[in-house]
């Protein structure tokens, strides 16, 4: 699965939304077929932005599932080490919480 940089996608979506807003504002000042074409182009830009966001969301879900699967496999192959790490993290969290 190809993974893209989330900040690059965020910038692309911002640009697409701003372009769509500009088209809608221009369409509001225009009438007839030109306004309809501008509206269609604006809707196309918004649809593109939504598709990019969905792609990013799907990538994030896939990454999360991969991480969970890896963690599950590690715990199954190293149960005592996983218990030790969990106890250590719990102790550390308790010490930090107790100092506050």
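Against the conditions (1) surrounded by 16 or more Cβ atoms within 10 Å (Cβ to Cβ); (2) out of contact with any helix residue (DSSP H, G or I) (no Cβ under 6 Å at 6 or more places or on another chain); (3) without any contact (Cβ under 8 Å) to a residue 40 or more places away in the chain, residue 16 satisfies every one except (2).
Within segment 63-82, is even one residue in contact (Cβ under 8 Å) with a residue 12 or more places away in the chain and either in a helix (DSSP H, G or I) or within 30 Å of the chain's Cα centre (by Cα) (or both)? Yes, that holds for at least one residue.
No lab work stands behind these numbers, since they all come straight from the coordinates. Treat the numbers as computed from the prediction; the structure is a model and nothing was measured. When we count neighbours, we look across all protein chains shown, and the Cβ atoms used for this are built from the backbone with ideal geometry, even at glycine.
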